[in-house]
Amino acid sequence: MKKILKISAWSLFILGTMLLVGFVDADYKAITCSRVEINIDKSNGYGFVTEELVLEEMSNMGYSFANQLMGDIEVDRIEKSLIDMPGVKNAEVFKYNSGVVKIDITQRKPIARVIMKGGLIGFYLDEAGEKMPLSDAYVAQVPIFNGEIKEGRNSYSMNQLFKNDSLKEISQLDDIYELAKLFEKNKFMRAQIVQIYFNQDNEMEMIPRVGNHRILFGDSKDAEIKFKKLTRFYTEVINPKELNLYDTLNIKYINQIICSKR
């Protein structure tokens, strides 16, 4: 008998709780949205996403927020739409009983801009090696890779390339990614090198900001050693006033720099 009473009591408690939650949820859905707060993390220094762009995206989805019922604001749908925007790494949306909708956005960090052969297609590579589309609203100041690049925007992912040596042989993205990471760590080289060009032999040539010459870099093999050697050459060996005397710096071989005068 006591067991039956205990079960009945628990059943009544659960039923009461469900009814209470139902009433609260019904009241919550009837709350009118008072305002939307948009917080965009700009700590990485980039400005792909603005409050105006977010509000425009929301408007296209049918959300004005002002005087809309909280129950009609679909958090999952908004988050999915925001993550699909260029430059958005993550988006979280919260609804509060006070009628406030809060949107928190984290931006992606590009480390290279890739321009395909012919210049018709371009995209960024972010710090994770993932492709991200160019933005009409913002241009990131990152190293530019162009020339004989035949990668498609929807070609192999970086994970696929790192796991498959055969794919790496026919792709240029892994070379670009490796160099872009080195540029991220080397402020001097990031400021000095304006452009990285893939020539007909699928080797990289660099165009410097200071000095009327080109740098034959080769592929990404031993790239970190080449970077250190080239940085030391610019900062410790050569007088900047003498840079225009040279037509070419060949750094393809890690044990030497071959300077060709005009």
Legend entry - Residue-level accessible surface for Ile121, protein heavy atoms, 1.4 Å, Å²: 70
Inset, instruction - Roll a 1.4 Å probe over the protein heavy atoms and report the accessible area of Phe233 in Å², nearest 10. - result: 20
Legend entry - Placed amide H near Ile38: partners under 5 Å, 5+ positions off or other chain: Ile103
Inset, instruction - Report the dimensions of the range 49-102 along its three principal axes from the alpha-carbon atoms, largest first, rounded to Å. - result: 30, 18, 16
Legend entry - Length gained when the stretch Ala30-Asn199 is fully extended (0.36 nm per residue, less Cα-Cα span): 54.5 nm
Legend entry - Rounded to whole Hz, the Karplus (6.51, -1.76, 1.60) HN-Hα couplings of the range 31-42, x for glycine and proline: 5, 8, 5, 9, 6, 10, 10, 10, 10, 10, 6, 10
Inset, instruction - Using a 1.4 angstrom probe on the protein heavy atoms only, line up Val100, Val237 by accessible area, largest first. - result: Val237, Val100
Inset, instruction - Just reorder Thr248, Thr106 by solvent-accessible area, largest first, 1.4 Å probe, all chains present. - result: Thr106, Thr248
Inset, instruction - Go through Lys241/Lys261; Lys109/Lys150; Lys221/Lys252 and tell me which ones have a Cα-Cα distance over 21 Å in this structure. - result: Lys109/Lys150
Inset, instruction - Read phi for every residue in the range 111-125 and hand back ³J(HN,Hα) as whole Hz from Karplus 6.51 cos²θ - 1.76 cosθ + 1.60, θ = phi - 60°, with x for Gly and Pro. - result: 10, 7, 10, 10, 10, 5, 3, x, x, 7, 10, x, 7, 9, 10
Legend entry - Karplus (6.51, -1.76, 1.60) ³J(HN,Hα), θ = phi - 60°, over the range 202-217, in Hz, Gly and Pro reported as x: 6, 10, 8, 10, 10, 10, x, 6, 10, x, 8, 8, 10, 10, 7, 9
Legend entry - Estimated inter-spin distance, Asn60 and Lys228, nm [label 7 Å along Cα→Cβ]: 4.7
Inset, instruction - Compute the Rg to Rh ratio over the range 197-262 from the alpha carbon atoms, using the Kirkwood formula for Rh, and round to two decimal places. - result: 0.94
Inset, instruction - For the range 70-132, run through the trypsin sites (Lys or Arg not before Pro) and keep only the ones in DSSP coil with at most 15 other Cβ atoms within 10 Å of their Cβ. - result: Lys117
Inset, instruction - Given the peptides 199-210, 220-231, arrange them by the average over their residues of other C-beta atoms within 10 Å, most packed first. - result: 220-231, 199-210
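The values are calculated or read from the model by the stated rules, or taken from the named source; none is laboratory data. Model, not experiment: these values are computed from the prediction. Note: ideal-geometry Cβ built from the backbone for every residue, glycine included; neighbour counts use all protein chains shown. For the accessible areas, the whole protein counts, side chains as well, though only heavy atoms, and no ligand, DNA or RNA atoms are used. Shrake-Rupley method; radii C 1.70, N 1.55, O 1.52, S 1.80 Å.
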